[in-house]
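Scroll down for the structure; my scribbles are underneath it.
The values are calculated or read from the model by the stated rules, or taken from the named source; none is laboratory data. In this text the structure is predicted, and so the values were computed from the model without any measurement. Cβ atoms come from the backbone with ideal geometry, glycine included; neighbour counts cover every protein chain shown.
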Amino acid sequence: MSDRPAVETWLTDMDGVLVHEEVPIDGASDFLDALKDSGLEFMVLTNNSIYTPRDLCARLSASGLEVPEERIWTSALATAAFLDEQRPGGSAYVVGEAGLTTAMHEVGYVLTDRDPDYVVLGETRTYSFEAITRAIRLIDAGARFIATNPDPSGPSREGRLPATGSVAALVSTATNRKPYFVGKPNALMMRSALNRLQAHSETTVMVGDRMDTDVIAGLEAGLRTALVLSGSTSKEEVEVFPYRAGMVVDSVKDLVKVVREGW
């Protein structure tokens, strides 16, 4: 018999939980409908910093999944919120796309390559040698090094692509300066989403498909955790990790009843 308070908020990863290569995962629509009908707070999280919430809203809609843009939280938004708390009204040299530059502008940051407070590295499909070289020189000159997320690669229809973590390793090797990663598995990503919702960790569930990012970040943020086997982590791999998810299910289809009846 558990004396834990009832769940009031659900956080869920996007890739591997709701969609796979823009194809909706079985039960994802029913899961989202259950969240909306329940009256519970919820947020869809992603380490992807390329797109704005509006972009992701449109992409999910094209896959048949309706998620309001205000219910989407990205590593770009989390990074901007973090820097706004650390140094309000600061400046940054940003390597990234619209999802990151828009988030930085919205918190009042000036984007510049002249003596910035920070170098902020995000994901882009067009990493340029010139931009990376400029980032290295600015870090050498004293700029603090921030990266949106540590993911080393990302998927595409043609195969894997280098992502933020790989480029961050290159810059780190050149500068001998390690970045501070804001996105998962940093629990800060979860806490910033909770702050946005004005929710509490003890009444929140994190749903993810990776033990090494979603589940560990949820645990470290004090959330209940649910692992779905529809993405990166297989059933056999679950036992390898020294920590456990609160619940392991095949897909979000198995969580519809949990949302409706409570955990």
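Of the residues examined, Gly165 is not one that is outside any helix (DSSP H, G or I) and not basic (Lys, Arg).
Within the set Arg210, Arg191, the sole residue that is basic (Lys, Arg) and within 25 Å of Lys253 (Cβ to Cβ) turns out to be Arg210. Being touching a helix residue (DSSP H, G or I) at 6+ places or on another chain (Cβ under 8 Å) and among the charged types (D, E, K, R) is the filter; apply it to region 86-114 and report the residue that is surrounded by the most Cβ atoms within 10 Å (Cβ to Cβ). Looking at residues that are touching a helix residue (DSSP H, G or I) at 6+ places or on another chain (Cβ under 8 Å) and among the charged types (D, E, K, R), I get Asp113. Could you check, for region 128-142, whether at least one of its residues is touching a strand residue (DSSP E or B) at 6+ places or on another chain (Cβ under 6 Å), in a loop (DSSP other than H, G, I, E, B) and either of a type outside the set (A, V, I, L, M, F, W, C) or over 24 Å from Ser91 (Cα atoms) (or both)? There is no residue in region 128-142 that is touching a strand residue (DSSP E or B) at 6+ places or on another chain (Cβ under 6 Å), in a loop (DSSP other than H, G, I, E, B) and either of a type outside the set (A, V, I, L, M, F, W, C) or over 24 Å from Ser91 (Cα atoms) (or both). Note on region 168-263: enclosed helices (runs of 4 or more DSSP H) holding 1 or more residues that are touching a residue at least 60 places away in the same chain (Cβ under 8 Å) and either basic (Lys, Arg) or assigned by TED's automatic domain parsing to the domain that holds Ala80 (or both) are 188-197, 256-261. Based on what the data block shows, is Leu56 over 19 Å from the mean Cα position of the chain (by Cα), of a type in the set (A, V, I, L, M, F, W, C) and either assigned to a loop (DSSP other than H, G, I, E, B) or not assigned by TED's automatic domain parsing to the domain that holds Val95 (or both)? No, not satisfied.
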